[in-house]
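I have placed the structure first, in the form of structure tokens, so that the comments after it can refer back to it.
The values are calculated or read from the model by the stated rules, or taken from the named source; none is laboratory data. It should be emphasised that the depicted structure is a prediction, and the values quoted were computed from it without experimental measurement. No Cβ is skipped: glycine too gets one built from the backbone with ideal geometry, and neighbour counts run over all protein chains shown. What goes into the accessible areas is simple: the full protein's heavy atoms, side chains included, and nothing from ligands, DNA or RNA. Shrake-Rupley method; radii C 1.70, N 1.55, O 1.52, S 1.80 Å.
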Amino acid sequence: MSVCCSLCRKPAAVRLLHARMHLCAKHFEEYFERRVLWTIKGMRMLEQGERVAVAVSGGKDSLTLLFLLSKCSHYLGVELVALLIDEGIRGYRELKVEAARRYVKEWGVELKEVSFKERFGFTLDEAVEVLVKGSMKYKPCTVCGVLRRYLLNEAALELGADKLATAHNLDDEVQVFMMNVLQSNLVALAREGASARRTHEKLVPRVKPLYFVLEREVMAYALLHGIETPDVECPYIVYSTRHLIRRWLNRVAQEDARMKHRVLAFKSIVVKGVEPEEEFGTCKVCGMPSAGEVCRACQLREYLDGLLQLHPL
Ligand code: SF4
Ligand code: ZN
């Protein structure tokens, strides 16, 4: 016997385990959109008249975010521009980039593309090649994450964006929370919230409209709207500690469907006692925001440039 929607008698399309509900396509769409818009409005993430750069990677999360924001841009009164960073990961990123270009065009959103190669002089693949020769002082995801964040901010500034929207969902937040707990990094833990304030004139404030929705809910929404992207995985995921944590959390969530929501609620209690972040300083190399004298991106670039001179590609 087919299961019915908990709100009407239509066949259920999605099962919300944490809420012990089944929803038909229409009611799931309403639930999902209401939750995201409540996050945006309730947390004052976006204001009328703002120009919003939306980070798109070509994955389902970021395409779903762009789709939903473009659907609601009139209601929210914001202007969107999609921002795509190509790290240069062969067999992976070019396929995602292709999907992103297709959807951005279909939805009529302006697109800005920026690549590691053009801005830093090397692709992530090339950086990993020399990192291996230099005994892997940094993991690929560290290089990728630091440099991508740097470029997202730099490009958002160039675009004159008031906000930078990223597609981090509830699962992402819980994974990062667990990573910070394992590293006993309370400051980093407090820094990761649904939105950040402007702590430097060159730092575009980030917002995460999908903060309160699960990855599987984003996947379901994408599926219902025919948002498809190549099913490929980054080859460097094997080096990622976060990937291990993700798998472990998903296993635990099979037994305890509300666990991730509880962890996120617990996080908000933990960070209450932490001092708010101080204003950022300015990197003496590039002039961008930095916690220390030299920003992490410039430190990494200096290290990688040194390795590239020792081990030319
Ligand atoms: Fe970058 Fe790591 Fe994600 Fe690959 S898995 S895209 S290297 S952060
Ligand atoms: Zn710098």
- Note on the structure: region 188-229 scanned against label point 7 Å out from Val294 along Cα→C-beta; backbone N under 11 Å for none
- Item | Inter-centroid distance (Cα atoms) of region 158-218 relative to region 239-264, Å | 18
- Task: Per residue, how big is the convex hull around the C-alpha atoms of region 1-118? Give it to me in cubic angstrom, could you?
- Result: 153
- How about region 261-313: which trypsin sites (Lys or Arg not before Pro) there lie in a loop by DSSP and see at most 12 other Cβ atoms within 10 Å? Lys284
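So, with +1 on the Cβ of K and R and -1 on the Cβ of D and E, and no other charges, what is the size of the charge dipole of the chain about its Cα centre, to the nearest 20 debye? Mind showing how you got there, number by number?
Numbers: 46 positive and 40 negative charges, 203 e Å.
The dipole of the chain has a size of about 980 debye.
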- Query: Tell me, which longest segment in the chain has none of the GluC sites (Glu not before Pro) that fall in DSSP loops with at most 14 further Cβ atoms within 10 Å?
  - Reply: 48-200
- Within the set of other residues whose C-beta is less than 12 Å from the C-beta of Ile85, count the net charge using Lys and Arg as +1 and Asp and Glu as -1. +2
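Summarise the accessible area of the chain (1.4 Å probe, protein heavy atoms) by the percent that is carbon and sulfur. The partial results should precede the final answer.
Numbers: 8540 of 16130 Å².
It is 53 percent, rounded to a whole number.
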- Query: Of the residues Ala291, Ala127, Ala99, which exhibits the maximal mean-square fluctuation in a Gaussian network model of the chain defined by a 10 Å Cα contact cut-off?
  - Reply: Ala291
- Max mean-square fluctuation residue, GNM over the chain, Cα-Cα springs under 10 Å, options Cys234, Cys295, Cys72: Cys234
- Message: Can you give me the convex hull volume of the Cα atoms of region 228-308, divided per residue and expressed in Å³?
- Response: 201
- Query: Where does helix 215-224 land angle-wise versus the long Cα axis of the chain, in degrees 0 to 90, nearest 10?
  - Reply: 70
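When all alpha-carbon pairs of region 52-106 are counted, what percent fall beyond 14 Å?
Numbers: 746 of 1485 pairs.
Counting every Cα pair in region 52-106, those more than 14 Å apart make up 50 percent.
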- Task: Using a 1.4 Å probe and counting only protein heavy atoms, arrange Leu66, Leu182 so the residue with the most accessible area comes first.
- Result: Leu182, Leu66
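Using only the Cα atoms of region 69-195, what semi-axes does the equivalent ellipsoid have when each is the square root of 5 times a gyration tensor eigenvalue? Give whole Å, largest first. Show your work: numbers first, answer last.
Values: eigenvalues 147, 98, 34 Å².
Sorted largest first and rounded, they come to 27, 22, 13 Å.
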- Item | Kirkwood Rh (inverse of mean 1/r, distinct Cα pairs), the chain, angstrom | 20.8
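Please compute the per residue accessible area over the chain with all protein chains in place, 1.4 Å probe, rounded to a whole number of Å². Please list the in-between numbers first.
Values: 16130 Å² over 313 residues.
Per residue, the chain has an accessible area of 52 Å².
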- Query: Can you tell me the Rg and Dmax of region 1-54, counting just the alpha carbons, in angstroms?
  - Reply: 15.1, 50
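Can you give the local net charge around Phe32? Use residues other than it whose beta-carbon is closer than 12 angstrom to its beta-carbon, Lys and Arg +1, Asp and Glu -1. Display every interim value, and only then the final one.
Working: positive: Lys26, Arg34, Arg35, Lys71, Arg216; negative: Glu29, Glu30, Glu33, Glu217.
Here the charged neighbours net out to +1.
In whole angstrom, how long is each semi-axis of the equivalent ellipsoid of region 158-282, when you take the square root of 5 times every eigenvalue of its Cα gyration tensor and sort them from largest down? Show your work: numbers first, answer last.
Values: eigenvalues 132, 87, 45 Å².
Values for region 158-282, descending: 26, 21, 15 Å.
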- Counting DSSP beta bridges with both ends in the chain, the antiparallel % (nearest 5): 30
- Item | Helix-only [θ]222 nm of the chain, DSSP H runs n ≥ 4, -39500 (n - 2.57) each, per residue, nearest 500 | -16000 deg cm²/dmol
- Take the chain, connect every pair of alpha-carbon atoms lying under 10 Å apart with a spring to form a Gaussian network, then pick out the residue of Ala165, Ala55, Ala13 with the largest mean-square fluctuation. Ala13
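Could you calculate, for region 173-233, the ratio of the Cα radius of gyration to the Kirkwood radius, expressed as Rg to Rh? All intermediate terms of the calculation are to be shown ahead of the outcome.
Details: Rg = 15.4 Å, Rh = 14.2 Å.
Reported Rg/Rh, Kirkwood definition of Rh: 1.08.
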- Query: Around Gly58, which amide H atoms from residues at least 5 apart in sequence, or from another chain, sit under 5 Å from its own amide H, with H modelled in the peptide plane?
  - Reply: Leu63
- Point-to-point label distance, Ile269-Ser135, nm (Cα→Cβ direction, 7 Å offset): 4.5
